[in-house]
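Quick notes on the structure that follows.
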Amino acid sequence: MADDDDKTEEPTEKKIQDAKEKGNVPKSAEVVGAATLLFGTVYLIFFSSFTYNQIKKMMLFVYSFIGQDLDSTVFYSITYTLVTTAIYALLPVFVLVVILTFSFNWMQFGMIMTPMKFDLQKLDPITGLKNVFSLKKGLEALKLTFKLLIIFTVMVILFLITGDSILALMDKELPASLDSMVTLIIYFLSAILFIIIIFAIIDFYFTRFYYFKSLRMSKQDIKDEYKNMDGDPQIKARIRRIQMEMSMKRMMSNVPDADVVITNPTHYAIAMKYDSKVTSAPVVVAKGIDFMAIKIKDVARENKIPIIENPALARALYNQIEVEQQIPEEFYKAIAEIFSYVYELKKK
């Protein structure tokens, strides 16, 4: 109970997406059933002339054999006609039901593709009995019982109201009797449909409410999720430190190839190299401040690279130019004077 009390936060998008990928979605079977019955009724009222004519034709065909002897040939003819006509008549209804089932499931939770897995634990009879007698199953059974009780009560009331009309069907000709029967069926379907739609609306909102309630998270769960998504801060800091160390080692390995090092003289150091065959302007191969500047100067002395003190230029180069970047035009004059001096030193 303590864990449930801690889960006060709404689920994140990632938590919902993970649940969806596992097949855990807010699915209301009542909505699908209500939609199927609704559009099925609309089809019967406005677009069922084809189905109605086929069923009427089938019934007239069967009635035509009343009073005749039934041999195997006649029995086969009746059976074949009944089966083929029923399939032909009900095929549009079947296609409509399939389309509605897929459509309204998709509207509730979108399209999901979950891999089929064979889990032996699902065959455990003890687990199955626990699921059958769980609180959720009990509530669903109670809801179904209540719904059937209401439908049964409404049907009894309708039978009492339309009892005379039903008895009057026996005194009519077959075509008129069928027309009256369809009208009565529509009345009964409309009553059932109204009840089912009310239950579907209630079930839809309750399903979504309990679904998101079951996915609620604690503040610690949200922190852990973001940590897993972004990475552990300690690990990220260690990775950044390793990357910086590797970058520094790579940069320091370029210092022995530099032509000159410009310093502050104590806080800044910028190592530069110029090869007219490769680049059009000198390139910064290494730079650093404080401890790194000292390291650059030490390597420069070890490799007999000239160290030129120019505080203003050193600070400007450090702030405006990155490693492995050529110097811009505004520094050409100052750098040219330094490289001329370096070339004179090399000649001597």
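Quick rundown of the values:
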| read-out | value |
| --- | --- |
| Hits in the range 206-223 - residues which are hydrophobic (A, V, I, L, M, F, W, C) and not in a helix (DSSP H, G or I) | L215, M217 |
| One residue from K273, K172 being modelled with pLDDT of 80 or more and over 52 Å from the mean Cα position of the chain (by Cα) | K273 |
| Filter result for I270 (within 14 Å of F339 (Cβ to Cβ), in contact with a Lys or Arg (Cβ under 7 Å, 6 or more places away or on another chain) and either acidic (D, E) or assigned to a strand (DSSP E or B) (or both)) | yes |
| Residue in the range 271-279 that is in the same structural domain as N310 (by TED's automatic domain parsing), out of contact with any Pro (no Cβ under 8 Å at 6 or more places or on another chain) and either surrounded by 16 or more Cβ atoms within 10 Å (Cβ to Cβ) or under 16 Å from L313 (Cβ atoms) (or both) present | yes |
| Failed condition for D69, given (1) charged (D, E, K, R); (2) in a helix (DSSP H, G or I); (3) modelled with pLDDT under 75 | (2) |
| Single match in I242, I201, I195, I235 (criterion: at pLDDT below 75 and either in contact with a helix residue (DSSP H, G or I) (Cβ under 7 Å, 6 or more places away or on another chain) or among the hydrophobic types (A, V, I, L, M, F, W, C) (or both)) | I235 |
| Criterion: over 52 Å from the mean Cα position of the chain (by Cα), without any contact (Cβ under 8 Å) to a residue 60 or more places away in the chain and outside any helix (DSSP H, G or I) - qualifying residue of V284, V261 | V261 |
| Single residue of the range 253-270 satisfying the filter (aliphatic (A, V, I, L, M) and modelled with pLDDT of 85 or more) that is surrounded by the fewest Cβ atoms within 10 Å (Cβ to Cβ) | V260 |
| Residues of the range 62-97 satisfying the condition of being in contact (Cβ under 8 Å) with a residue 12 or more places away in the chain and closer than 19 Å to T36 by Cα | A89, L90, P92, V93, L96, V97 |
| Test: D203 is closer than 30 Å to L158 by Cβ, out of contact with any Pro (no Cβ under 8 Å at 6 or more places or on another chain) and either in a strand (DSSP E or B) or among the acidic types (D, E) (or both) | yes |
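The values are calculated or read from the model by the stated rules, or taken from the named source; none is laboratory data. The shown structure was predicted, so the numbers you read here are calculated from the model rather than taken from an experiment. Neighbour counts run over all protein chains shown; Cβ positions are idealised from the backbone, glycine included.
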